[in-house]
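Note sheet for the following structure.
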Number of protein chains: 4
Amino acid sequence: MTTTIDAPPLGPMLDDIVRSHRPPREAGSVPANIPSLAAVPFSRFGIAVATAAGEIFTSGDADVPFSIQSISKVFTLAMALRRDSSGALWSRVLREPSGSAFNSLVQLEVEHGIPRNPFINAGALVVTDRLMEETPDAATAVLRFLTGQTGEPGPFIDEAAAVSELSNSSRNLALAHFLKDFGNLRQSAEAVVENYVRQCSIMMTCAELAKAGLFLAREGRGTSGTVVSRSEAKRIGSIMLTCGMYDAAGEFAYRVGLPGKSGVGGGILVIVPGHCAISVWSPRLDAKGNSLAGSAALADLSDRTGWSVF
Amino acid sequence: MTTTIDAPPLGPMLDDIVRSHRPPREAGSVPANIPSLAAVPFSRFGIAVATAAGEIFTSGDADVPFSIQSISKVFTLAMALRRDSSGALWSRVLREPSGSAFNSLVQLEVEHGIPRNPFINAGALVVTDRLMEETPDAATAVLRFLTGQTGEPGPFIDEAAAVSELSNSSRNLALAHFLKDFGNLRQSAEAVVENYVRQCSIMMTCAELAKAGLFLAREGRGTSGTVVSRSEAKRIGSIMLTCGMYDAAGEFAYRVGLPGKSGVGGGILVIVPGHCAISVWSPRLDAKGNSLAGSAALADLSDRTGWSVF
Amino acid sequence: MTTTIDAPPLGPMLDDIVRSHRPPREAGSVPANIPSLAAVPFSRFGIAVATAAGEIFTSGDADVPFSIQSISKVFTLAMALRRDSSGALWSRVLREPSGSAFNSLVQLEVEHGIPRNPFINAGALVVTDRLMEETPDAATAVLRFLTGQTGEPGPFIDEAAAVSELSNSSRNLALAHFLKDFGNLRQSAEAVVENYVRQCSIMMTCAELAKAGLFLAREGRGTSGTVVSRSEAKRIGSIMLTCGMYDAAGEFAYRVGLPGKSGVGGGILVIVPGHCAISVWSPRLDAKGNSLAGSAALADLSDRTGWSVF
Amino acid sequence: MTTTIDAPPLGPMLDDIVRSHRPPREAGSVPANIPSLAAVPFSRFGIAVATAAGEIFTSGDADVPFSIQSISKVFTLAMALRRDSSGALWSRVLREPSGSAFNSLVQLEVEHGIPRNPFINAGALVVTDRLMEETPDAATAVLRFLTGQTGEPGPFIDEAAAVSELSNSSRNLALAHFLKDFGNLRQSAEAVVENYVRQCSIMMTCAELAKAGLFLAREGRGTSGTVVSRSEAKRIGSIMLTCGMYDAAGEFAYRVGLPGKSGVGGGILVIVPGHCAISVWSPRLDAKGNSLAGSAALADLSDRTGWSVF
């Protein structure tokens, strides 16, 4: 399906969205277990749109690096899929919505160690474990991939934040040992969690993140060649739409109508298939762990532009 | 977003899909608790595409009536939403994927009687209860709605099948009494289940079903005027995509990439936003309760046409 | 094992327990779904001890009838067991603690319609269904059994309360239809719930209840002959100890150390094997659904007398 | 309650029980994750009774050391309780039956990191963590305690087996990290699991185990003074009865009627309050993880002697 979008005057529109959605006061919350995130001023708000045609529009704090956290799961999934010609990954992780909090152990137990999808923490640990089979330092490989896509040396791993987060990683260690118990990890639980935490600690700006995600809006074609096949790009989009926003995937599909992936750092990456990648960032989170101002801004942008897959 | 589709020669393509996917032998299963469905020959296979432009393409057993079963949930949702200007329905049912079998009581208990979405049985019972507030004979109202959309007197309630299914409705009665216990039903549990079973026993052909669902592909505009608002049409599409295929919604989004709703009668209704409504029917089901041949045919059609929202 | 108890001066001790434990003010709660229970004055407190030797000691409101509610499950179990020479009942209900709230549907679903034990509501419905195989009016048969054991015409069914409770029985109807769906009820769900509610609405005094339960302290021998075998009497005791106090069975075993069964009418029946049956009644309940003052009084009595199976 | 037991001729009876219950062929299973247990011959069967009067009766392989595994939880609980004058331990672990498999993470999540009882693995890890607050090498302290109670230097830690088991401890590590995540471990997850595995690897004979458990039959009085108070001894008994046999506690209470604690090494420790401690050992397990021949032998012994708390 080719799509023709009545090009809105994007620059001014993004400026207006920043004016409307930048938080005037502290609201929502920050994750208790990641100290570095608590230090970010509540009023931060950035947005960027990278179009298939190669343009980039930004506004607000679009050049301030933030911790991408779970948004990294989109990129590790893409990296694992292009190595996974046999489809073996899909025997280790499902593609179904999880229907409960993002780090729940319950469903993992009921389904015998096969995570529901690659975007819940358990599934992301399996994907990272898969990457480590070829590249023990998977987090650095992810960083290199992102740098390649953005065409700039901007992204970096906040190693101090990673060390700090790692010392608060009991839940992820529990998940990893549990996966190991079910025979669904090849590497040691500790090594997988370390790589996972480091990939989550990658710092990027909105502008960089939109550029890095653009291949998903361009049928898999990145800035320097094919990242994943057209078919895989569509499929990553479907997983983002059904599973990308923790336990608010349905609500986000309902309000915004676009594939998205959020992180507890307050970032959200959204794909308009065939047209553009959007990133938004504001640090304070709603009860489901998604950026409060970011979600609202995306709903607003979807209403203004008509962008929706439905 | 407007969409331009390189019109495929749909007629021959549908004929070829019928040739490829009509089951040559008995496979899959039929639901144990609905005797009337077991009598349908396994080789039945029909497909129909109703375009936004008003054309209708059909092939195979597209004119044989079948039991729409859970596909009725799409229409009752649309009917309830256009009466629900206040949004009160959404305080009684969520819009999140369920992450478990379609008739599970567990999540209902954990979430205190608020079903995860309108397409699991518990949620559909709440929607039917809502319709009954204005029209006690809700099933007949659904039938009238469908007749209106198809522009033909074809659809009918198989009352004998409904009576038979009603005598095997222990699970739905359990759900209804459970909802009642949580204060989330206004009518009696027995009356709601009776209306629900009768709406599920509506018989339609593929051709009629595609026409009846066309308003969802046309931003809410049906054959004789607006059915739901553009915004509500999109939102029903998002619920179909995330919740429409029981516990295989993710897999269907991944393989087909289009909003769909299946029924245990073997029918599936699929929406290509802005372009067409597709219905397919073949009675034998996979382990998740979706038409085996129908799902395969839709994946094939999606591959051939490029139709996908991603 | 024969037990020799240093006979305490029971009469004065019970008087002292009434003085210490009769509630001076309204505390705890009453069940929301059984209107007749809400009308009982909070200060009611009665206690009775029926000894194996045939004595009966009472104090406080021991002659005021109250609704035995779930205590009836002990008697229906005994009645079902003496008809169940083949042990077939134990293929329909387990004997394990439930580990969650007494009316949870979750475990029932996970364990495919086999209730964890005969004292959770689902299990009790199966037991009542079993009794109805021989006596359709099972509730009246239970009443007749109790009258026989007490040797007095005192016990009666509060039919008005039963009718009222029946109109608030959505949860039990849900359980019964769910059991029916799993093939674990022979009679209609509605008929089983009606009998169950009527058996729960039996009114007895503490004095009558202690006498009726005495056969469990006398190795199965009731006032006019054997009720159940010695072996079955011990086994009912073991089920009472592990499952008799809803989700506080462990706590009760820890504090009191005796087999007990409580009801939401505020009554508790306790067995001192080989020695006596104790009943206590006070209407206000703790968070687990057990009599607040009754539990405290039994812990006190156990401390004073040294009565404990451990 | 004082108990008078018609002394059976225990020696010959135990010999007869060995003859009847020593497994003639391989049946049941051994735990997959503990290699050292798989090497034990299936025909091993030992039994010992230590009486309150100081006698010890044994038969079969009663002098062959075996791995006590989870039976160690009884002793760590006793050790923790005598240090826990404030009752603080009971805010970190409940006393209710778990109602599901012994190492389930589900209930732990639902109940926010508070294990259901001290005998499921999660609860035992909390108890070991509590012991480590005073004695970092808790396992050696447990060994010293057992040596003290038996009055012999017999018990020892099979350190090679512990190392081997530790390398297969993913499930316990998952539990420990999960507890840590909920703030319910003070020491590191790894250190607690190491101590736990070492305490489980303690090797004892039936004769030693019966002697070591005797304090629970003697109101807390051990061989060289009070171990726990009379009240705590009774309470440990109540926890054994309701929670001591994994998910077969109800079945064991029903068949045997005595407080017991089993281990996957095939041992079971049983208490006859006021009279004796019984230990039995045979390595092959039933589906619930309890010694197949051991359980049968205890049911037989209970029937022959009349020993039962009910």
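Between B:Asp137 and D:His112, the simple label model (points 7 Å from Cα in the Cβ direction) yields a spacing of 5.3 nm. Rounded if a/c is under 1.5, else prolate if a/b is larger than b/c, else oblate: which is the stretch D:55-152, with a ≥ b ≥ c the root eigenvalues of its Cα gyration tensor? Note, shape of the stretch D:55-152 comes out oblate.
Kirkwood hydrodynamic radius of chain A, from the reciprocal of the average inverse Cα-Cα distance over all distinct pairs: 19.0 Å. When each of the peptides C:64-75, B:112-123, B:226-237 is scored by the mean number of other C-beta atoms lying within 10 Å of its residues, the order from highest to lowest reads C:64-75, B:112-123, B:226-237. Across the identical copies, the label point of D:Ser86 (7 Å from Cα in the Cβ direction) is separated from its matches by 5.3, 5.7, 5.9 nm, in order from shortest.
Shielding value for D:246-255 is 6, the average number of Cβ atoms from other chains within 10 Å of each residue's Cβ. Annotation for B:Gly11, label-to-label distances across the other copies: 5.2, 10.2, 10.5 nm (shortest first, one decimal, point 7 Å from Cα along Cα→Cβ). For the stretch D:192-248, treating each Cα as an identical point scatterer without solvent, what Debye log10 I(q)/I(0) comes out at q = 0.17, 0.23, 0.27 1/Å? Evaluating at q = 0.17, 0.23, 0.27 Å⁻¹ gives log10 I(q)/I(0) of -0.74, -1.06, -1.04. Directionally averaged projected area (the stretch D:131-177, Cα convex hull): 4.2 nm².
By the beta-carbon count within 10 Å of each Cβ, the least crowded to most crowded order of D:Ile239, C:Ile34, fewest first, is C:Ile34, D:Ile239.
Using alpha carbon centroids, what distance separates the stretch B:256-276 and the stretch A:110-129, in Å? The stretch B:256-276 and the stretch A:110-129 have Cα centres separated by 28 Å. Rg and Dmax of the protein assembly as shown, based on Cα coordinates, read 33.3, 98 Å. By the Stokes-Einstein formula, at 1.567 mPa s and 4 °C, the stretch C:4-98 with its Kirkwood radius over alpha-carbon pairs has D equal to 76 µm²/s. With the label put 7 angstrom out from Cα along the Cα-to-Cβ vector, B:Gly183 ends up 3.1, 3.9, 5.0 nm from the copy partners, going from closest to farthest. Look at the stretch B:215-224: the mean tally of other chain Cβ atoms within 10 Å of its residues' Cβ atoms is 0. Peptide B:227-234 shows a mean partner chain C-beta count of 2 within 10 Å per residue C-beta. Using C-alpha pairs below 8 Å separated by at least 6 residues, the relative contact order for chain C is 26 percent. Computed from Cα atoms, the angle from the helix C:206-217 axis to the main principal axis of chain C rounds to 80 degrees.
A short reminder: the numbers here are calculations on the coordinates, not readings from a lab. A quick note: this is a predicted structure, and the numbers were derived from the prediction, not measured. Every residue, glycine as well, gets a Cβ built from its backbone with ideal geometry; the counts of neighbours run over all protein chains shown.
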